[in-house]
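Engineer: I'd like to ask you about the structure that follows.
The values are calculated or read from the model by the stated rules, or taken from the named source; none is laboratory data. This is a predicted model, so every value here is computed, not measured. Every residue, glycine as well, gets a Cβ built from its backbone with ideal geometry; the counts of neighbours run over all protein chains shown. Each accessible area value is taken on the protein alone, full model and side chains, heavy atoms only, with ligands, DNA and RNA left out. Shrake-Rupley method; radii C 1.70, N 1.55, O 1.52, S 1.80 Å.
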There are 2 protein chains.
Amino acid sequence: MAVCSKCGNPKIIIKRQSSGQRLCKDCFIEDIQKKVIKTIKKEKLIEKGDKVLVALSGGKDSVCLLDILNTLKERRIIDLCAVTIDEGIANYRDDGVKIAINNAKNVNIPHKIVSFKESFGISLDEIMKDNDKRGACTYCGVFRRWIINRAAREFKATKIATGHNLDDETQAIMMNYLEGNINNLKTIGPKTEPKSKLFTSKIKPLREIPEKEIGLYVIAKDLEVHFAGCPYVETSFRGEISEIMKKLTSKHPNIMYSTLRGFDKIKIAIKNQESSKQELKECEICGEPSSGRLCRVCMFLEEIRQIKDNKKTLNNNNINN
Amino acid sequence: MAVCSKCGNPKIIIKRQSSGQRLCKDCFIEDIQKKVIKTIKKEKLIEKGDKVLVALSGGKDSVCLLDILNTLKERRIIDLCAVTIDEGIANYRDDGVKIAINNAKNVNIPHKIVSFKESFGISLDEIMKDNDKRGACTYCGVFRRWIINRAAREFKATKIATGHNLDDETQAIMMNYLEGNINNLKTIGPKTEPKSKLFTSKIKPLREIPEKEIGLYVIAKDLEVHFAGCPYVETSFRGEISEIMKKLTSKHPNIMYSTLRGFDKIKIAIKNQESSKQELKECEICGEPSSGRLCRVCMFLEEIRQIKDNKKTLNNNNINN
């Protein structure tokens, strides 16, 4: 009979195709926690005394991340806080925010909820109403990063931790290999050094854990998680690559690991290559670091305003005619 | 009506999804030839006075390569010769050899046909009979390279040209990205510098031409080509990656080009990284350059001998029992 490869318990919850290893619930939980701590040590993601801000959406990745980082907080190695962003997406985000609040309460840490509406005067639903200039993910990504950077300063956090998992990381790597985008490849990795004193170092402690195992971890630990998918999800290039990697993994269980290991070696070589290192200025409107006169958030907000104005003029003309 | 983007001829034979360009037969042929010459110049693959040995299987890639390199011979820029390898594959190779002979005759160049049987005392069919230790492609690749290297010395060739196309090259790149095999990635590229004085520089003038367009070129030029597939073809990892790249290309027509461009930039960075540069010795049996006491060909031949001997003993025992 198949038993746990570590303790012999017959009640196994996972058989890893990549190694043949079988694990029971307790050994699986311990194994994931150890792996994440190993990544943190190997990549020097966290130092004793760090104040880590978790970008907590309430989804499985960020909830798993918070749970594991909390073990470091309990051992008084780090201080922990969290920020949750309310993009303003009807019938979706409210549940996620509630679940994020519960998770932050459970580990008893300071937690901010910041909405697009209060930060930018407009929700994502309002942005996307009759707007086909850009996909929702483009606005959302830019706006979320802006909020997280500010929250890190307000919390005086020394690190921002995000829930990127092995699938996310290898997808990003493959997309940029295929697009031949070396400058993007240079930015992928376990840790991003801030390009401005106003920014905070970003870390990805879950980058070596497959998405499936994160899903299993939150179930095994009975954590409350928001499992709904975002209604704006795009059938994107990332989606295609995700499908390809899943299919390859079913036949070659180690392929995401080997892709990551290979990339990490390539990264060492390419990061030393010259690239146009721009000095960041301060955005003339919001004061956040920016490569141009205005940051992307303020450019997008200006663009959205113009789209709305044009629509209003058009509607008025239609009424008058 | 759709006409040739270059000359206005209404009889177009290709519409490129990657650029929207439409070409008639003559403009297409000229375009491919110019592109190959451009690669040769950009990558400094050939110098005036080079004697180029074409590895001529008779398949579309090597026939196209020979045809284009012959334009340089006609302009007295290079000298040309060819080698065809008869692996000894029943109902397959004989046709290829005949077609190779015809093509070499057409351009009036010295041409050698070398068989596995005369070089190693055994044909591929004989090797593979009851041999399930390795796939045919492993033996074939190692044995072919040995023959080509020797032929280059016998011809006093200064370059060995192979028919690797854009599909071949991006497949190799993607396979090694996914396997995380950096040492292999370092060896991929338009030109391989020889690691021993006994070896000759290898070049890939067709590496920027998609497989489909090479197929179209040989048809457009009415070249005689061996279109049959090798009976030993393996449903390999390369096959999976080939499928993936074809599917991605149908939706993103430029993806193989961008993969190649990106890789070429990465290559510059990684080739300078330290790697265990072994001094090559001479194989104690055949005298070819080798990293160990014996080269791979002589090790494989020894292995094959043992497999056959074991089988003979087994058969004798069965008869005696």
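Engineer: With without any contact (Cβ under 8 Å) to a residue 40 or more places away in the chain and touching a Ser or Thr at 6+ places or on another chain (Cβ under 6 Å) as the only criterion, which of B:42, B:34, B:51, B:117 stands out?
Structural biologist: After ruling out the rest, the residue left standing is B:117.
Engineer: Same structure, new question: Output the residues belonging to segment B:129-141 that are surrounded by fewer than 21 Cβ atoms within 10 Å (Cβ to Cβ) and assigned to a helix (DSSP H, G or I).
Structural biologist: Hits for segment B:129-141 are B:136, B:137, B:138, B:140, B:141.
Engineer: Let me ask something else about it. How many residues does segment A:150-166 contain that are more than 10 Å from the chain's Cα centre (by Cα) and open to solvent by 10 Å² or more (accessible area, probe 1.4 Å)?
Structural biologist: Final tally of qualifying residues: 8.
Engineer: Also, I was wondering about something else. List the number of the failed condition for residue B:113; all other conditions in (1) in contact with a Cys (Cβ under 7 Å, 6 or more places away or on another chain); (2) surrounded by fewer than 20 Cβ atoms within 10 Å (Cβ to Cβ); (3) hydrophobic (A, V, I, L, M, F, W, C) hold.
Structural biologist: Only one criterion in (1) in contact with a Cys (Cβ under 7 Å, 6 or more places away or on another chain); (2) surrounded by fewer than 20 Cβ atoms within 10 Å (Cβ to Cβ); (3) hydrophobic (A, V, I, L, M, F, W, C) is unmet by residue B:113, namely (1).
Engineer: Looking only at residues that are closer than 30 Å to residue B:120 by Cβ and aliphatic (A, V, I, L, M) in segment B:249-303, which one is most open to solvent (accessible area, probe 1.4 Å)?
Structural biologist: Ranking the candidates gives B:285 first.
Engineer: Among the residues of segment A:185-217, write down those that are basic (Lys, Arg) and surrounded by fewer than 22 Cβ atoms within 10 Å (Cβ to Cβ).
Structural biologist: Across segment A:185-217, the qualifying residues are A:186, A:191, A:195, A:197, A:212.
Engineer: Here's another thing I want to ask about it. State whether the residues of segment A:142-152 include one that is in contact with a helix residue (DSSP H, G or I) (Cβ under 9 Å, 6 or more places away or on another chain), within 14 Å of chain B (Cβ to nearest Cβ) and in a helix (DSSP H, G or I).
Structural biologist: no
Engineer: For a quick check of your reading: which strands (runs of 3 or more DSSP E) sit entirely within segment B:12-71 and have at least 2 residues that are over 30 Å from residue B:230 (Cβ atoms)?
Structural biologist: B:12-15, B:22-24
Engineer: Scan (1) in contact (Cβ under 8 Å) with a residue 60 or more places away in the chain; (2) open to solvent by 50 Å² or more (accessible area, probe 1.4 Å) for the single condition residue A:313 breaks and write down its number.
Structural biologist: With respect to (1) in contact (Cβ under 8 Å) with a residue 60 or more places away in the chain; (2) open to solvent by 50 Å² or more (accessible area, probe 1.4 Å), residue A:313 is out only on (1).
Engineer: Where in segment A:162-266 are there helices (runs of 4 or more DSSP H), lying fully within it, with 3 or more residues that are within 14 Å of chain B (Cβ to nearest Cβ)?
Structural biologist: The qualifying helices (runs of 4 or more DSSP H) are A:166-179, A:182-185, A:237-251.
Engineer: Of everything in segment A:218-232, what is loosely packed, with under 15 Cβ neighbours inside 10 Å and in contact (Cβ under 8 Å) with a residue 40 or more places away in the chain? Give them in sequence order.
Structural biologist: Of everything in segment A:218-232, those that are loosely packed, with under 15 Cβ neighbours inside 10 Å and in contact (Cβ under 8 Å) with a residue 40 or more places away in the chain turn out to be A:224, A:227, A:228, A:231.
Engineer: Considering only segment A:16-36, I want to know if a residue exists there that is within 17 Å of the chain's Cα centre (by Cα), closer than 30 Å to residue A:268 by Cα and in the same structural domain as residue A:123 (by TED's automatic domain parsing).
Structural biologist: yes
Yes/no matrix, rows are residues, columns are (1) touching a strand residue (DSSP E or B) at 6+ places or on another chain (Cβ under 7 Å); (2) more than 30 Å from residue A:115 (Cα to Cα); (3) of a type in the set (Gly, Ala, Ser):
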| residue | (1), (2), (3) |
| --- | --- |
| A:10 | no, yes, no |
| A:17 | no, yes, no |
| A:21 | no, yes, no |
| A:25 | yes, yes, no |
| A:32 | no, yes, no |
| A:51 | yes, no, no |
| A:55 | yes, no, yes |
| A:66 | yes, no, no |
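Engineer: Give the residues of segment B:133-177 that are under 23 Å from residue B:245 (Cα atoms), in contact with a Gly (Cβ under 9 Å, 6 or more places away or on another chain) and hydroxyl-bearing (Ser, Thr, Tyr), sorted by residue number.
Structural biologist: B:177
Engineer: Another question, then. So for segment B:23-40 (the condition being open to solvent by 50 Å² or more (accessible area, probe 1.4 Å), aliphatic (A, V, I, L, M) and over 23 Å from residue B:191 (Cβ atoms)), does at least one residue qualify?
Structural biologist: Checked segment B:23-40: no residue is open to solvent by 50 Å² or more (accessible area, probe 1.4 Å), aliphatic (A, V, I, L, M) and over 23 Å from residue B:191 (Cβ atoms).
Engineer: Right, another one. Take the residues in segment A:75-96 that are open to solvent by 20 Å² or more (accessible area, probe 1.4 Å) and out of contact with any helix residue (DSSP H, G or I) (no Cβ under 8 Å at 6 or more places or on another chain), then tell me which one is farthest from residue A:305 (Cα to Cα).
Structural biologist: Checked segment A:75-96; the qualifying residue farthest from residue A:305 (Cα to Cα) is A:75.
Engineer: Mind checking which residues of segment A:267-309 are assigned to a loop (DSSP other than H, G, I, E, B) and facing chain B (nearest Cβ under 10 Å)?
Structural biologist: A:272, A:273
Engineer: To continue, here is another question. State yes or no: is residue B:85 within 20 Å of the chain's Cα centre (by Cα) and part of a strand (DSSP E or B)?
Structural biologist: yes
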